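Rule-based calculations on the coordinates, nothing more; no lab input. This one's a predicted model, so the numbers in the text were calculated from it and none came from an experiment. Every residue, glycine as well, gets a Cβ built from its backbone with ideal geometry; the counts of neighbours run over all protein chains shown.
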Amino acid sequence: MFEKQKEILRLCYTPYSIVSPFPFLAIIIFLLAYNLDRTSPFPIYSLFAGVLASLISNSASNVWNHTNDLKEDIAQGKKNALTMKMISYHSAILLSLFLYLISIITVLYISIKVGRPVYLFFFIWAFFTWCYSDNIFLKKIFGFRLKNHYTGEFMTYIVTCPMYTLTIWLIYSNLSTAGLVLAVAFLFFGLSVVLLKDLKDISGDREAKLKTFGVVFPPSKLFYFSCIFLLLYYIVILNSVVLNIFSRGILLIVIPFFYFIKNSFLHFNKKQWRIGAEDSIQIKRIVVTTYISIIILGTGSFI
């Protein structure tokens, strides 16, 4: 019984990201928002609300995505609670819809308590994530699934990344230039991540006859644009410090930024963005330094 519960819980928090299972994004946004207004006591309840909304909503999206990916996951030999039949297909659908409902109720309650339209941005995020993964209802109407085509992927990430950032920001603070800048920065970050993600899924997506980025475009192009979006992420953050939108302590982000430019961007540029097996460590370093930059966003604001 314990093993079954553990696998279902893992289903809720897979794949791992800056949102879950550890809510990096919610905490980093909280630290940035709190640093702009330290006149009030440390709002621990506000932080708890942001973390709770983040974890529940991400669980809803993950379970819905895994449920709609069941056939592909079985074909690719992936192991999770659904493919191992620890939870039935229909139970997983009900669980995801229940989690979506709970997250909506939670955000509505938070919106009323804080007196800000958190729900407005969250509803847009919830609608697009649901449509993105859906392989049951909308496919019968439109004949295709958003997730299975690169245009659907691109459109979904363009909408959901800033909407989610603004949802969490509004839990902590009023809508401001700082919140909008952060939404743009994490938009570029999200686009960079989805292109890197598709690099790992090329073989499986090709076998499933999908038209994702990894199938349609060569790996060199995907990696090039992933690095371009990552570069834009850094530029937005650094410009926000120069324009006094965020505190100067965040300038510590130049350390992972320069590492990225010297050891990754220029390195692969010399290779004309061709990727070989020997580059796996270099790509992992890009991921690690990017996560370090996100941590610096929160902690650097207090320096």
Inset, instruction - At 7 Å along the Cα-to-beta-carbon direction for both ILE93 and ILE158, put a label point, then send me their distance in nm to one decimal. - result: 3.1
Legend entry - Full-extension gain in nm, ILE112 to TYR45, via 0.36 nm per residue minus C-alpha separation: 22.7 nm
Inset, instruction - Within 10 Å of each residue's Cβ, count the other Cβ atoms and sort LEU232, LEU9 from fewest upward. - result: LEU9, LEU232
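Would you please calculate the Kirkwood hydrodynamic radius of the chain over all C-alpha pairs and express it in Å, rounded to one decimal?
In the chain this quantity evaluates to 20.3 Å.
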Inset, instruction - Mean Kyte-Doolittle of at least -1.0 plus a Cα span of 30 Å or more along the axis: flag which DSSP H helices in the chain meet both, please. - result: 44-68, 89-114, 150-172, 177-200, 219-242
Legend entry - LEU138/PHE225 FRET efficiency (R0 22 Å; Cβ-Cβ; nearest 0.05): 0.20
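Sorted by mean Cβ packing within 10 Å, highest first, what order do the peptides 245-252, 216-223 take?
245-252, 216-223
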Legend entry - 26 Å Cα-Cα threshold exceeded, pairs from LYS6/LYS71; LYS79/LYS197; LYS79/LYS271; LYS71/LYS271; LYS6/LYS113; LYS6/LYS211: LYS79/LYS271; LYS71/LYS271; LYS6/LYS113; LYS6/LYS211
Inset, instruction - For each of GLU278, GLU153, GLU7, count neighbouring Cβ atoms within 10 Å of the residue's Cβ, then give the residues from fewest to most. - result: GLU278, GLU7, GLU153
Inset, instruction - Go ahead and collect, in residue order, the members of the stretch 210-242 whose backbone nitrogen is under 17 Å from a label point 7 Å along the Cα-Cβ direction of GLN272. - result: 218-225
Inset, instruction - Take the Cα coordinates of the stretch 1-172, assign each an equal point scatterer, and use the Debye formula without solvent to give log10 I(q)/I(0) at q = 0.08 Å⁻¹. - result: -0.26
